Amino acid sequence: MDNIVNPHDKLIREVASNKPFATDILQNYLPDDVVKLIDINSLEISKDSFIDKELKDYYSDLLYKINLAGRPGYVYILFEHKSYQDRLAPLQVLEYMPKIWRLHLKQHKKEPLPVIIPMFLYHGQSRWKDTKFSDLMENSASLLSAYVPDFEYVMIDLTQYSDEEIKGTVLSRVVMLLFKHIFDPDIIEKLPGIFSLMQEIVEAEDGLHFLETILRYVFSTVDLSVDEIKGIVETSISPEKGDEIMTLAERLKNEGYQNAMKDTEKLIKNAEKTVKNAERTTQIEAIQMGLMIKFKDQYQKFMAVIDKVEDIEKLKQIKQAVIKVKDEYEFRKLIEQ
């Protein structure tokens, strides 16, 4: 599964490298009093990720370096891919913040630790109510609160925004609207309205690149035929570019099919390998048990050789030999053949 790219992650990483998109996120979703403290011209987009390997299918993260109140700082965004909320997600942020500080200290050893503003981008189907790390804990005596780590985080809960309230450049609005509605049962009916915003993008110099990015995401998350997407594009974006976009859509659909086949083949091979490894382990354990019974403490000197045997049939032969051989000499002669 490590090589199967999550479509939400692929889209957010593609657009996050677009500086106007990053600027939109900060200016439109940070609190107004914080926006006044940021120097947007100092914005740097980091390629670093802090998500644990086993969680990459459920989360993406973005790190923006930016001056806050005249000092170097960071905005760290955790994006939850799931349609339901994980209440322990703030605990992950608490784990990742020290990693960001250590990364910063490698380049600025003698400076104070920078401020990190944590943000969550959430597009699940239920409202996210909490905004403080301490909300994870039971109410405890006020005297104990001094010993509890705490911070507030900025929650971008797309379920709480109307479509009209989602602001920014066309690309930003299209991406955020797709994230907002992607789990809706009627997402196909909403696509024409979202795609109609892209008329301006298609005419831009790199417009088809971003259209391709959006189409890849839609094909990966919504069950659509090429004809359906062509109809949506022609009515909502540009009839004149219908053939060009149709060709692009067909290519992406075919690529998606081929990639799915490759992923399936990879999963089958991994499953076969897992089964083979399990069978090999079973055979070796059976041989070891037989040797311990037959040769007592002397079994260990044989296991070093047996552990190197990969062939399952050979291991089965050795297992049978454990029962039949009369002494250690005869057994050693057999396994060294």
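A few remarks follow.
- The stretch 107-219 shape via C-alpha gyration tensor axes, a/c threshold 1.5: oblate
- Measuring nothing but how far apart in sequence close Cα pairs (under 8 Å, 6+ apart) lie, relative to its length, the stretch 281-335 scores a relative contact order of 41 percent.
- Separation of the Leu88 and Lys326 label points, Cα + 7 Å toward Cβ, nm: 6.1
- Extension gain, Ile45 to Ser225, is 61.2 nm, computed as 0.36 nm per intervening residue step minus the present C-alpha separation.
- When the C-alpha to C-alpha distance is required to be over 29 Å, the pairs from Lys10/Lys167; Lys36/Lys180; Lys82/Lys106; Lys65/Lys180; Lys10/Lys65 that qualify are Lys82/Lys106.
- Cα gyration tensor, the stretch 1-163 - rounded (a/c under 1.5), prolate or oblate: rounded
- The largest-to-smallest principal axis extents of the Cα set in the stretch 281-335 are 24, 17, 16 Å.
Every number here is computed from the coordinates shown, using simple stated rules; none is lab data. Just so you know, these numbers come straight off a predicted model, no measurement behind them. All Cβ positions, even for glycine, are placed from backbone atoms using ideal geometry, and neighbour counts span all protein chains on display.
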